[in-house]
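Visitor: Following this message is one structure expressed as structure tokens.
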Amino acid sequence: MNNSALTCPQCQSQKIVKNGSIHNKKPKYKCTECGRQFVEHPRKIYISEDTKNLIEKLLLEKISLAGIARVTGVSRKWLQDYINAKYKEVSREINVSKKNEES
Ligand SMILES: [Zn+2]
């Protein structure tokens, strides 16, 4: 089992090998599937509002995270973080609407 949660930013493959380090001593990785090289914490990923809207729709369709990541091109890690942040944000709202549904 692969313990590292590293995912290729280009093809989402998890077949990642360590490939030396860059000048600031951060480890550098290489995807063995597509050859893309990257560092573990790349610059902030920009996800467009269109993509976020699409993710919202796919979440409602109960599509798996892996499926959503594949369709929208975002990383599984980003998607998980996004969903975590989202549920944190609306948890109070959910509690309120649950009460309403029971009545
Ligand atoms: Zn790749």
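The values are calculated or read from the model by the stated rules, or taken from the named source; none is laboratory data. Keep in mind that what you see is a predicted model, and the values were worked out from it rather than measured. Here the Cβ positions follow ideal geometry from the backbone for every residue, glycine too, while neighbour counts run over all protein chains shown.
Visitor: Can you name the number of the only condition in (1) in a helix (DSSP H, G or I); (2) at pLDDT below 90; (3) surrounded by 13 or more Cβ atoms within 10 Å (Cβ to Cβ); (4) aromatic (Phe, Trp, Tyr) that Phe38 fails?
Guide: Of everything listed in (1) in a helix (DSSP H, G or I); (2) at pLDDT below 90; (3) surrounded by 13 or more Cβ atoms within 10 Å (Cβ to Cβ); (4) aromatic (Phe, Trp, Tyr), Phe38 misses just condition (1).
Visitor: Test Lys30 against the stated conditions and say whether it is within 16 Å of the ligand (Cβ to nearest atom) and more than 24 Å from Asn84 (Cβ to Cβ).
Guide: When the stated conditions are applied, Lys30 passes them.
Visitor: Only one of Gly20, Gly67 is away from the ligand (no atom under 16 Å from the Cβ), in the same structural domain as Leu79 (by TED's automatic domain parsing) and not in a loop (DSSP other than H, G, I, E, B). Can you tell me which?
Guide: Just one listed residue meets the conditions, Gly67.
Visitor: While we're on this one: Please name all residue pairs, on different chains or six or more residues apart, with Cβ atoms under 6 Å, provided the first residue is in region 57-79 and is at negative phi and the second residue is of a type in the set (Ser, Thr, Tyr).
Guide: Short answer, once both residue conditions are applied: Thr72/Thr51; Ser75/Thr7; Arg76/Thr7.
Visitor: Here's something else I'd like to know. Within region 54-69, count every residue that is more than 13 Å from Lys86 (Cβ to Cβ) and surrounded by fewer than 14 Cβ atoms within 10 Å (Cβ to Cβ).
Guide: 6
Visitor: Now for a separate question. Can you tell me how many residues within region 19-55 are without any contact (Cβ under 8 Å) to a residue 12 or more places away in the chain and in contact with a Pro (Cβ under 6 Å, 6 or more places away or on another chain)?
Guide: Summing the residues that are without any contact (Cβ under 8 Å) to a residue 12 or more places away in the chain and in contact with a Pro (Cβ under 6 Å, 6 or more places away or on another chain) in region 19-55 gives 1.
Visitor: Determine whether region 20-31 contains at least one residue that is at pLDDT 90 or above, surrounded by 12 or more Cβ atoms within 10 Å (Cβ to Cβ) and touching a helix residue (DSSP H, G or I) at 6+ places or on another chain (Cβ under 9 Å).
Guide: Scanning region 20-31, I find no residue that is at pLDDT 90 or above, surrounded by 12 or more Cβ atoms within 10 Å (Cβ to Cβ) and touching a helix residue (DSSP H, G or I) at 6+ places or on another chain (Cβ under 9 Å), so the answer is no.
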